[in-house]
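One structure below.
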Amino acid sequence: MKVNKVCCIGAGYVGGPTMAVIALKCPDLQVTVVDVRKERIDSWNGPFDSLPVYEPGLKEIIEKVRGRNLFFSSEIDIAIDSSDMIFMAVNTPTKTEGVGAGMAADLKYIEACAKNIAQVAKTDKIVVEKSTLPVRTAEKIREILDNQGRAGVSFEILSNPEFLAEGTAIQDLFKSDRVLIGGDSTSKGKKAVQALVDIYKNWIPIEKIITTNVWSSELAKLASNAMLAQRISSINSISALCEKTNADIHELSKAIGMDHRIGPHFLNASVGFGGSCFQKDILNLVYLCKYYGLEEVAEYWHQVIKINDYQKNRFAQKIIDGLGGDLLGKRIAILGWAFKANTNDSRESPAIYVTKKLVERGANVKIFDPLVSLSTIMRDIEDYKIDKDACSISSNIDECINDVELVAILTEASAYKDLGKELLIFDGRGINKNAKFSIGK
Ligand SMILES: NC(=O)c1ccc[n+]([C@@H]2O[C@H](COP(=O)([O-])OP(=O)(O)OC[C@H]3O[C@@H](n4cnc5c(N)ncnc54)[C@H](O)[C@@H]3O)[C@@H](O)[C@H]2O)c1
């Protein structure tokens, strides 16, 4: 089956970069990215310097392919109906109400996509789960498509989870460690899998494209994220012990990572992980384990989140203690608002949690992050109920660190490595040699 047109529902951190790379690598394929948020589509179609997602290398790709074979549109129904293959890359946040609130993934956006496809599609479609989903979600999607779709129209559902990391998304997409495609073993299922393999094989070596059944693919993504986050919590838990014993976490990371059975990646101690994925995906995994009666397994994975919360709190408490326990009227510079360097994404950023705790203890904070927009920082301050009168946003680093009692480093941006020796620096990323306190030292 030859696919000529694809569409992606969801123009976010996954939909935008993945479709840009597919369009670049498959010039004969027409790729349309749609979203319910019109302002997001407008900004994908707007100036190249203010695209809604910042990723190194993304702008240059968009410059090449936008208007050639990559289109951003709000005409969702038209894009669905005219495509052979439809990717669903919508958000899957943690449920905030109903059964499983606070843990289970909220599938309302995925279900809305499936309903939309069912109502609109007049010809057969391959529907691809790109979002991270609980294992067996494809069953629900099939139910919606089969029950609500037009007579005579058939759907194949594939799972093709995305493994990119924000900040290195383009490199990750160019040189994926693996591409995972889960599909049915029926003859139609196999043809659908092959159609997606044919897209990826334009730039991914065939031995790196692995095909599995749908459930393995769905669960592999959740388990991968859980294991990555587990490494961070593991090294972070040891960082607390280093601080008590004069061992140095950087020396430990090196020594541990040189064991080829362990490997060097994801062993940097820090203020804790953030981002939209790790926490929600682990909570989702914990919920699934509980649902299937696997209490011990659920508790094992839940501990990864508990250590992460502990680490964020511990760093904030170090700052409070470092300023003598009383923050009333103290001024603190927050360097880095995103959840890590090289991204404009601040979802679940440790900086937000640390700032909230410091402000609650009476501090005034100055925030600097050149990649995160003023409106995003203001929205976070509001969403997390941080006293906005105690926060100001600096447009340059010198202004931010001027006239403060303490500088807190929250992301690993290289600009924070060399700051004046006279400053009282608390380093949540272990990058600054002059820091008075550095995680794990
Ligand atoms: N961000 C990452 O680094 C990353 C990496 C791998 C996987 N994922 C997974 O990919 C999925 C998407 O993540 P994201 O970070 O791109 O989310 P995002 O919030 O940046 O983007 C999702 C977009 O989907 C749109 N949307 C929601 N419902 C819609 C509908 N019915 N019709 C049209 N548009 C709709 C939203 O308006 C939003 O713009 C999630 O499941 C996430 O867990 C994310």
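Residues of the stretch 50-81 that are more than 15 Å from the ligand (Cβ to nearest atom), over 18 Å from Gly12 (Cβ atoms) and surrounded by fewer than 16 Cβ atoms within 10 Å (Cβ to Cβ): Glu60, Glu63, Lys64, Gly67, Arg68. Among the residues of the stretch 120-164, just one is within 15 Å of the ligand (Cβ to nearest atom) and exposed (fewer than 15 other Cβ atoms within 10 Å of the Cβ), namely Gln148. Under the condition of being exposed (fewer than 15 other Cβ atoms within 10 Å of the Cβ) and of a type in the set (A, V, I, L, M, F, W, C), the residues counted in the stretch 286-312 number 1. For the stretch 170-190, the tally of residues that are closer than 19 Å to Asp28 by Cβ and over 26 Å from the mean Cα position of the chain (by Cα) stands at 0.
Taking the stretch 1-66 as the region of interest, the helices (runs of 4 or more DSSP H) fully inside it that hold 2 or more residues being farther than 22 Å from Asp81 by Cβ and touching a residue at least 12 places away in the same chain (Cβ under 8 Å) are 15-25, 58-65.
Ser253 meets each of the listed conditions (1) surrounded by 20 or more Cβ atoms within 10 Å (Cβ to Cβ); (2) touching a residue at least 24 places away in the same chain (Cβ under 8 Å) apart from (2). Filtering the stretch 7-28 to residues that are more than 10 Å from the ligand (Cβ to nearest atom) and either acidic (Asp, Glu) or in contact with a helix residue (DSSP H, G or I) (Cβ under 7 Å, 6 or more places away or on another chain) (or both) leaves Cys7, Ala20, Val21, Ile22, Ala23, Leu24, Cys26, Asp28. Applying the selection to the stretch 86-119, what residues are over 24 Å from the mean Cα position of the chain (by Cα) and away from the ligand (no atom under 13 Å from the Cβ)? Passing the criteria: Gly98, Val99.
The numbers here are math on the coordinates, done by the rules we state, and not lab data. Keep in mind it's a predicted model, so treat the numbers as computed, not measured. Here the Cβ is made from the backbone with ideal geometry for all residues, glycine too, and neighbour counts use every protein chain on show.
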